[in-house]
């Protein structure tokens, strides 16, 4: 069994898919314990009095105690990797004008956005994705077309997913964007950073699966399909449905070469050897150039020593339409969802007035934290907080002692004894 097969079983085996569904339901139940979609306010009778109890909306949750400490520690570790590679922080607004995430930009469908209006009647959106925001900011304040930028960020994203899917609607993302650099070296660097981030988090077994949007798009252009047919084919390939693809190409009466390539794509995943097979399926110059790019990236990645974590998947097609070259996702045990999503978006900045090739990735911190928890990996090894109880008469001595211990780097909490006794 190859490395990718192990992770593919988690994602696609029917039995494990069922387990994944159960896991999602558990996640859903977890935040439903805190959220009531039928009434945000309940009354509880305690000690003979009616007390108000407020709940969070469905899809969001409170994080506290050990989990909160673990999350903050994880974010600290990831940010340290970003800084080691020379990336500078950027903070963008939580909400933007609707146009930043419109269909023309290529983000998620409008129905999945949280939209509202300001006093002037402008349509605003809670960001579902941070990359367009960073791209807008870069086009406004910098000249990435003249000098490449290396930026990193931490922030929450909001997607109004269907409640029955059992997914959180608010997630914390940490990511990087290399803007103004169209080289294979930049691609390899971000793949290396992805591996290093997951290792820093404590994972030992994970897989980074790399796709190539240009390969599929080159064949799609050659096939000359209408928009509806393109979307149908894209869906069939993303679902890894070779029989559905075979039926589709017969309906479309495509040439044998193009039809054969499309039928093979859903099953084209595996080690670096799959790149050789990709070359045999077509003589399309753009598609072959896309394969050459993957080969170059792989050779550079070997210099970092992280090639063992990488596999290739030509059936990977992102829902974000702004991706233009390589795309990649990282998986591990304990969660059926990608921990990391990334790719190249060479045309995105044109929407904001600048032309600069770029690549980036985002780590879904909540998914990574869940995977660490299920793999029994603990991040926070900090010393327990010492609690000093004191009476009013002991206040002076207690404060001095607490401050002395704090100056030594210890965590100390002062607590006044009830009743002063």
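The values are calculated or read from the model by the stated rules, or taken from the named source; none is laboratory data. This structure is a prediction, so every number in the text was calculated from the model and none was measured. Counting neighbours? That spans all protein chains shown, and the Cβs are built from the backbone with ideal geometry, glycine included.
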Just to be sure, is residue 279 part of a helix (DSSP H, G or I) and in contact (Cβ under 8 Å) with a residue 60 or more places away in the chain?
no
Flagged in the range 335-386 as within 30 Å of residue 406 (Cα to Cα) and touching a strand residue (DSSP E or B) at 6+ places or on another chain (Cβ under 7 Å), in numbering order, are 385, 386
Going through 409, 336, 343 one at a time, which residue ends up being under 23 Å from the mean Cα position of the chain (by Cα) and either at positive phi or in a helix (DSSP H, G or I) (or both)?
343
All but one of (1) at pLDDT below 90; (2) out of contact with any strand residue (DSSP E or B) (no Cβ under 8 Å at 6 or more places or on another chain); (3) surrounded by fewer than 17 Cβ atoms within 10 Å (Cβ to Cβ); (4) not in a helix (DSSP H, G or I) hold for residue 53; which doesn't?
(2)
Looking only at residues that are within 30 Å of residue 77 (Cα to Cα) and touching a residue at least 24 places away in the same chain (Cβ under 8 Å) in the range 381-396, which one is surrounded by the most Cβ atoms within 10 Å (Cβ to Cβ)?
386
Assess whether residue 360 counts as being at pLDDT below 90 and either more than 30 Å from residue 183 (Cα to Cα) or not in a loop (DSSP other than H, G, I, E, B) (or both).
no
Quick check on the range 271-283: of everything there that is in contact with a helix residue (DSSP H, G or I) (Cβ under 9 Å, 6 or more places away or on another chain) and crowded, with 18+ Cβ neighbours inside 10 Å, which residue is farthest from residue 222 (Cα to Cα)?
275
Output the number of residues of the range 174-199 satisfying the condition of being without any contact (Cβ under 8 Å) to a residue 24 or more places away in the chain and under 17 Å from the mean Cα position of the chain (by Cα).
1
Residues located in the range 122-149, provided they are over 29 Å from residue 168 (Cβ atoms) and outside any helix (DSSP H, G or I)
142, 143, 144, 145, 146, 147, 148, 149
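Yes/no matrix, rows are residues, columns are (1) part of a loop (DSSP other than H, G, I, E, B); (2) closer than 17 Å to residue 216 by Cα; (3) touching a helix residue (DSSP H, G or I) at 6+ places or on another chain (Cβ under 8 Å):
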position: 248; (1), (2), (3): no, yes, yes
position: 260; (1), (2), (3): no, yes, no
position: 263; (1), (2), (3): no, yes, yes
position: 288; (1), (2), (3): no, yes, yes
position: 293; (1), (2), (3): no, yes, yes
position: 299; (1), (2), (3): no, no, no
position: 315; (1), (2), (3): yes, yes, yes
position: 319; (1), (2), (3): yes, yes, no
position: 331; (1), (2), (3): no, no, yes
Which of the following residues is within 14 Å of the chain's Cα centre (by Cα) and either at pLDDT 95 or above or assigned to a helix (DSSP H, G or I) (or both): 370, 303?
370
Going through (1) modelled with pLDDT under 90; (2) under 30 Å from residue 375 (Cβ atoms); (3) touching a strand residue (DSSP E or B) at 6+ places or on another chain (Cβ under 8 Å); (4) surrounded by fewer than 15 Cβ atoms within 10 Å (Cβ to Cβ) one by one, residue 89 fails only at (1)
In contact with a helix residue (DSSP H, G or I) (Cβ under 8 Å, 6 or more places away or on another chain) and over 22 Å from residue 154 (Cα atoms) - does that describe any residue in the range 70-93?
no
Reported set for the range 265-276 where residues are within 15 Å of residue 311 (Cβ to Cβ) and part of a helix (DSSP H, G or I) is 267, 274, 275, 276
Residue match in the range 390-401 (condition: in contact with a strand residue (DSSP E or B) (Cβ under 6 Å, 6 or more places away or on another chain) and assigned to a loop (DSSP other than H, G, I, E, B)):
no
Within the range 180-238, considering only helices (runs of 4 or more DSSP H) that don't extend past its boundaries, which have at least 1 residues that are farther than 21 Å from residue 282 by Cβ and at pLDDT below 95?
227-238
